[in-house]
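Q: Below you'll find the structure I mean.
The values are calculated or read from the model by the stated rules, or taken from the named source; none is laboratory data. Small disclaimer: the values here were computed from a predicted structure and weren't measured. Cβ placement follows ideal geometry from the backbone for every residue including glycine, while neighbour counts extend to all protein chains displayed. SASA here: full protein model, heavy atoms, side chains in, ligands and nucleic acids out. Shrake-Rupley method; radii C 1.70, N 1.55, O 1.52, S 1.80 Å.
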Amino acid sequence: MKALVVVGGYRKKNTWHMAESFAEGLMKIGYEVEKIYLKSFSIKHCTGCEGCYKTGKCVIKDEMTELYEKIDDSKVIVLASPLYFYMVSGDMKTFIDRGQPFWERTHRRKETDGTNKKIGVFLACNGGKYGHDDFFATYKPLRTYFGSIGAEYLINYYVSETDTRPVMERPDVLEEIAELGTKVNDGKKYMIHV
Ligand SMILES: Cc1cc2nc3c(=O)[nH]c(=O)nc-3n(C[C@H](O)[C@H](O)[C@H](O)COP(=O)(O)O)c2cc1C
């Protein structure tokens, strides 16, 4: 089974290590994992042209085109992003917005029948001091995105204080993330914030 790990961070730091650790866990239970670093892709913004209303497909031809297929082919979709102004990074937001054809297919065209349900995972970090509501603003966008691609939004792992306590210096955190990667098939929901 395939898993797609989409990284919306720009540095080889916290987000990158979180994604790597989760991927390790997935591989341990036999997933074939592909990692996508959005900063290496040229993906245009959704312009709201309504092209996907007609066919369920995006009319923009750019490097997102190959990612649509990868999303369709993957059982597990992991999105990993730093928080920028308490939202996902700009690249990740653009990637999510370009998911509108999935929303069209699922909600307006009702082309999906709910079989072969995917699993949605969101990994995120923020540099500032821990606050219980740090990741609140991301929840609804992620829930809507995962619902659109036919995924059950099962796992959240949030790490705060990465500017003062980077995950690279917190092996317990990375171990817990890797462990969580081995549990994706259990069907349980996780919302962990450290
Ligand atoms: C443009 C920008 C905006 C940020 N906004 C926030 C924020 O709103 N809250 C916060 O706690 N940290 C914020 N940070 C800090 C990042 O979340 C933090 O440095 C994180 O570790 C970055 O991920 P990375 O280490 O994977 O690059 C911001 C950083 C940048 C560059």
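Q: Which residues, taken from region 1-52, are more than 23 Å from residue 149 (Cα to Cα) and of a type in the set (Gly, Ala, Ser)?
A: Hit for region 1-52 is 21, nothing else.
Q: For region 133-152, give me each residue that is buried (at least 20 other Cβ atoms within 10 Å of the Cβ) and farther than 15 Å from residue 102 by Cα.
A: Listed by number, the residues that qualify are 134, 135, 138.
Q: Looking at region 162-174, is at least one residue in contact (Cβ under 8 Å) with a residue 12 or more places away in the chain, over 17 Å from the mean Cα position of the chain (by Cα), surrounded by 13 or more Cβ atoms within 10 Å (Cβ to Cβ) and under 21 Å from residue 29 (Cβ atoms)?
A: For region 162-174, residues in contact (Cβ under 8 Å) with a residue 12 or more places away in the chain, over 17 Å from the mean Cα position of the chain (by Cα), surrounded by 13 or more Cβ atoms within 10 Å (Cβ to Cβ) and under 21 Å from residue 29 (Cβ atoms): present.
Q: Considering only region 93-111, I want to know if a residue exists there that is among the aromatic types (Phe, Trp, Tyr), in a strand (DSSP E or B) and within 28 Å of residue 136 (Cβ to Cβ). Full working, then the answer.
A: Our first condition is that a residue be among the aromatic types (Phe, Trp, Tyr); within region 93-111, this holds for 95, 102-103.
Still in the running and in a strand (DSSP E or B): none.
No, region 93-111 contains no residue that is among the aromatic types (Phe, Trp, Tyr), in a strand (DSSP E or B) and within 28 Å of residue 136 (Cβ to Cβ).
Q: Across region 2-13, what is the total count of residues that are open to solvent by less than 10 Å² (accessible area, probe 1.4 Å) and out of contact with any Phe, Trp or Tyr (no Cβ under 8 Å at 6 or more places or on another chain)?
A: Total satisfying the criteria: 1.
Q: Separate question: Across region 52-63, what is the number of residues that are assigned to a loop (DSSP other than H, G, I, E, B) and either acidic (Asp, Glu) or in contact (Cβ under 8 Å) with a residue 24 or more places away in the chain (or both)? Working first, answer last.
A: Looking only at region 52-63, we keep the residues that are assigned to a loop (DSSP other than H, G, I, E, B), and these are 56-63.
In the following step, the residues that additionally are either acidic (Asp, Glu) or in contact (Cβ under 8 Å) with a residue 24 or more places away in the chain (or both) were identified as 56-58, 60, 62-63.
Looking only at that region, the number is 6.
Q: Can you give me the number of residues within region 40-51 that are part of a helix (DSSP H, G or I), under 22 Å from the mean Cα position of the chain (by Cα) and surrounded by 13 or more Cβ atoms within 10 Å (Cβ to Cβ)? Don't jump to the end; show me each part of the working.
A: Just the residues of region 40-51 that are part of a helix (DSSP H, G or I), to begin with: 40, 51.
With the extra rule that they be under 22 Å from the mean Cα position of the chain (by Cα), the set shrinks to 40.
Checking the rest, the ones that are also surrounded by 13 or more Cβ atoms within 10 Å (Cβ to Cβ) come to none.
Qualifying residue count for the region: 0.
Q: Something else: Going through region 63-96 one residue at a time, which ones are open to solvent by less than 60 Å² (accessible area, probe 1.4 Å) and among the acidic types (Asp, Glu)?
A: Within region 63-96, 91 is the sole residue that qualifies.
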